[in-house]
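Data block below; observations after.
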Amino acid sequence: MHKIKIVQEVNLPNASERLRAIRDAGFNTFLLRTRDVFLDMLTDSGTNAMSDRQQAAMMVADDAYAGSESFYRLEDAVRDVLGFQWVMPVHQGRAAEHLLAEAFVKPGDVVLMNYHFTTSKAHIDLAGGKVLELFGPDALETESSNPFKGNLDLGRLAKAIAEFGPERISYLRMEATTNLIGGQPFSLQNLREVHAVAVQHNIPLVFDGSLISENAYFIQQREPEFAQASIPEIILEMMNYVDIFYMSGRKSAAARGGLIATNNKAHFNRILPWLPVYEGFATYGGMSTKEVEAMAVGLREMTAQSVASSSADFIEYFVNRLVEEGVPVVTPAGGLACHLDARRFLPQVPQAQYPAAALAAAVYLTSGVRGMERGTVSTDRDAQGNDVLADMELVRLALPRRLFTLSHIEYTIDRLKWLFEHRELIGSLRFAEEPPVLRFFFGRLEPIGGWAESLVAAFRADFGNRF
Ligand SMILES: Cc1ncc(COP(=O)(O)O)c(C=O)c1O
């Protein structure tokens, strides 16, 4: 329910140009320049189309260092949409994770969660803590009909609390649509049950709401108790069970920022002193006041049915069409992206030779579409220097909200179909340069053998030189 008012030109380099570009990028899609990218499905973070109202709000930003009126408009939006009194802006989601780790995680602590996200885990590790993931039995199955693969397993939760004791558990973290395992939501019933256990043991429940509107939409669509509830009602109901909320504002809220919010003044006071140390004063927290304004409007807009469903419905279409074509993807469709299952796509590539990274490079070579590796390359080595094989080998094709049209998706499906038919041409990768932390951002890889050239030659034989 929107129309396009501003457009940005994109370029489709031909296959030979794409081969040069991906070589220059060390076979890492993060290192491509956007002028070499046709459809950018790397991420939905900070890449969503903004609304006219968000743009208009940016024009009335109040650039005060302290006491900015823009902050108070954000605070009002948080109170109305999420029901929290105490709000801190931060420059993006990982800044919130850093502050939470600084304030709550002590060396030797554990943080329990439904599933980790790369930056949430990195900050907990750096603070000397350990992440323990308590997902359910089929969370890691790529082919499934379980509507709530993001649920936290209550049996595993009870065991973990018995093993570590509540005093060693910094907090319990629920990620609303689990990014790394296919954007899978949790149910409201599960959140209620997890909260009841958290209360019983006096463990704070932290909610990562980066994709809160999509998780609320899935609850409405998939959980019978909420079939008649509106998105704002579901969001407020979820927040009843949350001690500390944080989010990357770059996703559901379609702005470039983040925030922490709570109704617990003691928690707020524990985090607040660190805000000016790492981010900025309490009324801008490292964000531009223009983005504070845009986030305030984005928070309200994300509760509209047509906005909460916009990306999720496209993803469902994308996933179902690929299933029809026999291309292996994560099912059921989740939030944020369509995820290709690289293990089923490329059984010939051993996990230690990075099938998801190879597939992400191959997708770019055949389409100019930029996706992101979410597999072993996205997992750092252990203390002994061994690769830690990821639970899943996925290529994420993110659909930023209100950005693409169905014809973009049909184009991508068409190229993926061709690639799947030629999948035996795709080979392995190895690291050429490897950073010690979050290596997927800057690491450079190289193909083992000349498979990239063979793939491009086969593509050109079918499509000619123009594409
Ligand atoms: C679930 C989740 N949490 C936290 C983050 C980190 O947010 P940011 O990229 O704004 O630092 C992300 C980013 O993708 C995310 O998906």
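List of remarks:
- Cα-based helix-to-principal-axis angle, 93-104 vs the chain, degrees rounded to 10: 50
- Translational diffusion of the range 301-375, µm² s⁻¹ [Kirkwood Rh, Cα pairs; Stokes-Einstein; 37 °C; 0.692 mPa s]: 243
- The peptide list 122-135, 438-451, put in order of mean Cβ contacts within 10 Å with the highest first, becomes 122-135, 438-451.
- Protection proxy ranking of 108-117, 319-328 - average other beta-carbon atoms within 10 Å, highest first: 108-117, 319-328
- Within the same chain, lysines fewer than 8 places from Lys251 are excluded, and of the rest, those with a Cα less than 17 Å from its Cα are Lys290.
- Label-point separation, Ser145 to Tyr72 (7 Å along Cα→Cβ), nm: 5.5
- In terms of Cα atoms, the Rg and Dmax of the range 62-125 work out to 14.9, 43 Å.
- The slack between Asp313 and Ala282, meaning 0.36 nm per residue of separation minus the straight C-alpha distance, is 7.5 nm.
- Candidate aspartates and glutamates - alpha carbon under 18 Å from Lys159, same-chain residues fewer than 8 apart omitted: Asp109, Glu133, Glu167, Glu193
- Calculated FRET efficiency for the pair Arg33/Arg460, C-beta based, R₀ 25 Å, to 0.05: 0.65
- Fully extending the segment from Thr405 to Asp24, taken as 0.36 nm per residue of separation minus the present Cα-Cα distance, adds 134.2 nm.
- About its Cα centre, the range 164-263 has a charge dipole of approximately 360 debye under the convention of +1 per Lys or Arg Cβ and -1 per Asp or Glu Cβ, with nothing else charged.
- Student exercise, the chain dipole from Lys, Arg, Asp, Glu Cβ charges, in Debye to nearest 20: 640
- Spread over its residues, the convex hull of the C-alpha atoms of the range 142-189 is 103 Å³ per residue.
- Each of Ala162, Ser407, Val10 was placed along the dipole of the chain (beta-carbon charges, centred on the mean Cα), and the one lying farthest toward the positive end is Val10.
- Our summary gives the chain a relative contact order of 23 percent, counting only alpha carbon pairs under 8 angstrom and 6 or more residues apart.
- Rounded to 10°, Cα long-axis angle of helix 451-463 versus longest principal axis of the chain: 70
- Two-decimal Rg to Rh for the range 16-152 - Kirkwood Rh, Cα set: 1.05
- Hits among aspartates and glutamates - C-alpha to C-alpha of Lys3 under 12 Å, sequence gap 8 or more where chains match: Asp52
- Spin-label pair Leu154/Gln200, simplified geometry with 7 Å Cα→Cβ offset, distance in nm: 0.8
- At 0.890 mPa s and 25 °C, Stokes diffusion of the range 118-209 via Kirkwood alpha-carbon radius, µm² per second: 178
- Dimensions (Å) - the range 1-49, Cα atoms, principal axes, largest first: 39, 22, 13
- Note on the chain: dipole from Cβ charges, positive end direction compared against Leu445, Asn151, Phe318; the farthest Cα belongs to Leu445.
- With Cα atoms, 0 to 90° folded angle of helix 154-164 axis to the chain main axis: 70
- Kirkwood Rh, angstrom, the range 233-321 [1 / mean 1/r, Cα pairs]: 14.9
- Among Leu188, Pro204, Leu419 - extreme Cα towards positive end, dipole of the chain, charges at beta-carbon: Leu419
- Seen from every direction in turn and averaged, the convex hull around the alpha carbons of the range 1-89 projects onto 9.3 nm².
- Cα-centred dipole magnitude for the range 123-202, charges only on beta-carbon of K, R (+1) and D, E (-1), debye, nearest 20: 220
- Listed from fewest to most Cβ neighbours within 10 Å, the set Asp462, Asp313 follows the order Asp462, Asp313.
- Global size of the chain: 21.7, 66 Å for Rg and Dmax (C-alpha atoms, Rg to one decimal, Dmax whole).
Readers should treat all values here as calculations from the given coordinates under stated rules, not as data from a laboratory. Note that the structure is predicted; figures quoted are calculated from it, not measured. Positions of Cβ are backbone-derived with ideal geometry, glycine not excepted, and every protein chain shown enters the neighbour counts.
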